[in-house]
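Worksheet for the structure shown next.
The values are calculated or read from the model by the stated rules, or taken from the named source; none is laboratory data. No experiment lies behind these values; they were computed from the predicted model shown. Using ideal geometry, Cβ is built from the backbone for each residue, glycine included, and neighbour counts are taken over all protein chains shown.
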Amino acid sequence: GDPGPDWFAQVRRLAAERDAVILAHNYQMPAIQDVADHVGDSLALSRLAAESDAGTIVFAGVHFMAETAKILSLDKTVIIPDARAGCSLADTIDADQLRAWKAERPGAAVVAYVNTTAEVKAESDICCTSSNAVEVVRSIPADREVLFLPDMFLGAHVRRLTGRENLHTWLGECHVHADISPDDLVAAVRADADAELYVHPECGCSTSALWMTSSGELAPERTHVLSTGGMLDAARTSTARKVLVATEVGMLHQLRKANAGTDFQPVNPQASCRYMKMITPEKLINALRTGRDEVRVAPDIAERARDAVRKMIAIGN
Ligand code: 13P
Ligand code: SF4
């Protein structure tokens with residue numbers, strides 16, 4: 001439930017006392033989004049972390065996001081309210097597995113989605129997020145092989161858009177987006193013949209959306225495969241009566257705030273990330289009081305990962 005005005009005022013006061021900026025991902029619970037200084041997608045939050053003047057960053061999101069902020073600014077204190085907030089997608093590949101994959105294809109460029117550990121980023125040439133993955137891959141010479149990791153659906157989406165047959169994808173997936181099934185999507189679209197559709201590229205069902213588009217069942221102008229930040233941009237100027245949203249349900253809060261004239265509904269209302277929801281109002285207050293959990297990255301790993309992250313934040317919108 002709503003933690004109330006006292007909680008809100010206390011969070012703001014404690015943040016000011018600590019010279020802390022609070023960054024929240026679009027999948028956080030509504031109260032946390034509302035109390036944060038900035039809400040955004042992974043790319044926007046990385047950029048904000050890199051540019052912020054605050055001495056402390058409190059990251060309301062999952063661990064790899066806080067780690068990315070730390071990699072960009074080792075001199076800042078980075079706090080996550082619960083260090084156990086992991087990511088099932090980031091867990092699908094570790095640095096040893098990546099080294100073995102690289103050994104199979106020497107010379108290939110490694111493109112790591114930001115949903116990876118610092119150790120994996122340190123083994124990569126360039127990072128990307130769902131909002132700039134296509135541009136990042138286009139920045140690599142067309143004749144160079146690409147190892148894209150860890151998300152197979154985002155990899156397939158990038159392969160489709162760039163037409164690159166020399167792009168190989170790791171077979172990882174996010175359990176939340178994988179659970180938004182093609183059946184859910186097809187049923188939702190058929191039940192609402194004129195609704196528009198926003199689909200996150202981590203969804204396995206993004207392929208079904210495109211298949212429905214090519215079979216003529218879904219008009220191409222109704223179908224948008226977008227990052228969470230891209231969804232928000234589209235929502236601001238949308239004139240649709242209804243939009244069906246295929247991503248984690250936390251996203252609906254910003255979409256509804258951005259455009260009260262459109263009815264945003266989830267394709268799967270159960271698609272909630274338990275890691276994102278480990279950041280509770282209570283834990284946020286505790287983090288501001290105690291300075292825990294502090295995120296640390298070994299300097300040599302951070303050094304090697306920084307280059308890949310910096311290249312990522314320089315590409316795309
Ligand atoms: P974006 O915010 O970059 O779209 O990422 C979605 C996601 O799953 C982050 O965990
Ligand atoms: Fe990871 Fe999926 Fe949760 Fe995003 S929604 S943090 S990809 S488990």
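Kindly evaluate Phe64 against the criterion of being within 28 Å of Arg304 (Cα to Cα), out of contact with any Ser or Thr (no Cβ under 8 Å at 6 or more places or on another chain), at pLDDT 95 or above and surrounded by 21 or more Cβ atoms within 10 Å (Cβ to Cβ). No; evaluated as a whole, the condition is false for this residue.
Which of the residues belonging to segment 153-200 are among the acidic types (Asp, Glu), within 14 Å of ligand 2 (Cβ to nearest atom) and in contact with a helix residue (DSSP H, G or I) (Cβ under 8 Å, 6 or more places away or on another chain)?
First, the residues of segment 153-200 that are among the acidic types (Asp, Glu): 165, 173, 179, 183-184, 192, 194, 196.
From what's left, within 14 Å of ligand 2 (Cβ to nearest atom): 173, 179.
Scanning segment 153-200 gives a single hit, Glu173.
In segment 238-259, what residues are away from ligand 2 (no atom under 15 Å from the Cβ), buried (at least 17 other Cβ atoms within 10 Å of the Cβ), closer than 15 Å to Glu196 by Cα and not polar (S, T, N, Q)? Within segment 238-259, Ala240, Val243, Leu244, Leu255 qualify.
Do we have Asp2 as within 20 Å of Asn286 (Cβ to Cβ), modelled with pLDDT under 95 and charged (D, E, K, R) here?
The answer is yes for Asp2.
Summed over segment 171-206, residues that are within 16 Å of ligand 1 (Cβ to nearest atom) and surrounded by fewer than 20 Cβ atoms within 10 Å (Cβ to Cβ) total 4. Scanning segment 255-280 for residues that are in a helix (DSSP H, G or I) and under 17 Å from Val62 (Cβ atoms) turns up Met276, Lys277, Met278. Here Glu294 meets the list (1) in contact with a Ser or Thr (Cβ under 7 Å, 6 or more places away or on another chain); (2) away from ligand 1 (no atom under 13 Å from the Cβ); (3) farther than 17 Å from Val78 by Cβ almost entirely, failing just condition (3).
Please verify whether segment 74-93 includes one or more residues that are away from ligand 1 (no atom under 14 Å from the Cβ) and farther than 26 Å from Gly291 by Cα. Looking through segment 74-93, at least one residue is away from ligand 1 (no atom under 14 Å from the Cβ) and farther than 26 Å from Gly291 by Cα. If you go through segment 47-61 and keep only what is farther than 17 Å from Ala85 by Cβ and either in contact with a strand residue (DSSP E or B) (Cβ under 6 Å, 6 or more places away or on another chain) or buried (at least 22 other Cβ atoms within 10 Å of the Cβ) (or both), you end up with Leu48, Ser52, Ala54, Thr56. You will find that of Thr213, Thr262, the residue that is surrounded by 14 or more Cβ atoms within 10 Å (Cβ to Cβ), free of Cβ contacts under 8 Å to residues at least 60 places away in the same chain and touching a Pro at 6+ places or on another chain (Cβ under 9 Å) is Thr213 and no other. Restricting the search to segment 101-133, which residues are aliphatic (A, V, I, L, M) and within 13 Å of ligand 1 (Cβ to nearest atom)? Those that are aliphatic (A, V, I, L, M) and within 13 Å of ligand 1 (Cβ to nearest atom): Val114, Ala133.
Suppose the filter is in a helix (DSSP H, G or I), over 20 Å from Ser42 (Cβ atoms) and either modelled with pLDDT of 95 or more or within 16 Å of ligand 1 (Cβ to nearest atom) (or both); does Ala142 pass it? Quick ask: steps written out before the conclusion?
Values: in a helix (DSSP H, G or I): no; over 20 Å from Ser42 (Cβ atoms): yes; either modelled with pLDDT of 95 or more or within 16 Å of ligand 1 (Cβ to nearest atom) (or both): yes.
Answer is no for this residue.
Among the residues of segment 207-237, the one identified as within 16 Å of ligand 2 (Cβ to nearest atom) and out of contact with any helix residue (DSSP H, G or I) (no Cβ under 9 Å at 6 or more places or on another chain) is Gly230.
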